[in-house]
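Report on the following structure.
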Amino acid sequence: MQLFVFPGACSFASHVLINELDLPAELIIVKLGTPNSPLLQINPLGRVPTLKLDDGTVITENTAILPYLADLVPNTPLFAPAGTSERAQIQSWIGYLNSEIHAACFRAINRPHRYINDEAQYPAVQAKGLALLTENLQPIIAHLQKREWLVGERFTIADAYLGVFLSWLPRIGEKYIVDERLIEYHKAYESRESVKRARAFEQLELNR
Ligand SMILES: N[C@@H](CCC(=O)N[C@@H](CS)C(=O)NCC(=O)O)C(=O)O
């Protein structure tokens, strides 16, 4: 299978998972927003992560790719068996991160043109995204006060996803990264072997 990624983008979560599970996947680095990207041939939205299976099937969105990859390795502690409440909790966090952190906040901050035509209004859209981000991180911060990871006291696919968004916080300003618990959690994320390997690989490709 092939995983299409852009260095440091949300596709990093799927890349980390490939490493965590030691799956045989080819990593294809693509540029975003370029008309001739090979990505557009398989994903008309031109977005990463995109996973292409050996039989040609294409799966997009971390919400689908992360559970799919984890299910390739039965009984992996990175997910939980079908029908368990733990599995639902992991999926609940992935849903929250996808909609309330990524789409609601970071998309407004990074791509204000998706929300408004008038360029003069971009700063207002971005400011709303930043304010929402502060608000929407609160449930995560509160939840992590008594836990090492999001669900079940072990690193799961939900953590693989959360770590990506935390790694974006320094880019948008100091005041969003002052929470001690988030800093500590993010350090633990970045010190995982799977994360270090993915960062090194993507950095190398970026510098090519
Ligand atoms: N929330 C989804 C969204 C995928 C997404 O928006 N990916 C971004 C990179 S973080 C992208 O490819 N953007 C390019 C574009 O929107 O043109 C996920 O995590 O899979």
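The values are calculated or read from the model by the stated rules, or taken from the named source; none is laboratory data. This structure is a prediction, so every number in the text was calculated from the model and none was measured. Note: ideal-geometry Cβ built from the backbone for every residue, glycine included; neighbour counts use all protein chains shown.
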- Query: Quick check: is even one residue across segment 108-115 among the charged types (D, E, K, R) and modelled with pLDDT under 95?
  - Reply: yes
- The one condition residue 38 fails out of (1) surrounded by fewer than 17 Cβ atoms within 10 Å (Cβ to Cβ); (2) modelled with pLDDT of 95 or more is (2)
- Message: So, in segment 181-205, exactly how many residues are hydroxyl-bearing (Ser, Thr, Tyr) and outside any helix (DSSP H, G or I)?
- Response: 1
- Item | Filter result (acidic (Asp, Glu) and part of a loop (DSSP other than H, G, I, E, B)) within segment 6-33 | 22
- Note on the structure: When segment 24-58 is checked residue by residue, the ones that are closer than 20 Å to residue 73 by Cα and away from the ligand (no atom under 14 Å from the Cβ) are 24, 25, 26, 27, 52, 53, 54, 55, 57
- Among residues belonging to segment 178-208 that are under 18 Å from residue 3 (Cβ atoms) and among the small types (Gly, Ala, Ser), point out the one that is surrounded by the fewest Cβ atoms within 10 Å (Cβ to Cβ). 200
- For segment 94-121, enumerate the residues that are among the hydroxyl-bearing types (Ser, Thr, Tyr) and surrounded by fewer than 17 Cβ atoms within 10 Å (Cβ to Cβ). 99, 115
- Which residue, of 75, 110, is away from the ligand (no atom under 13 Å from the Cβ) and more than 16 Å from residue 149 (Cα to Cα)? 75
- Considering only residues of segment 9-35 that are β-branched (Val, Ile, Thr) and touching a helix residue (DSSP H, G or I) at 6+ places or on another chain (Cβ under 6 Å), which is surrounded by the most Cβ atoms within 10 Å (Cβ to Cβ)? 16
- Within segment 138-162, of all residues that are touching an Asp or Glu at 6+ places or on another chain (Cβ under 8 Å) and buried (at least 20 other Cβ atoms within 10 Å of the Cβ), the one farthest from residue 13 (Cα to Cα) is 151
- Quick one: would you say residue 133 is buried (at least 19 other Cβ atoms within 10 Å of the Cβ) and part of a helix (DSSP H, G or I)? yes
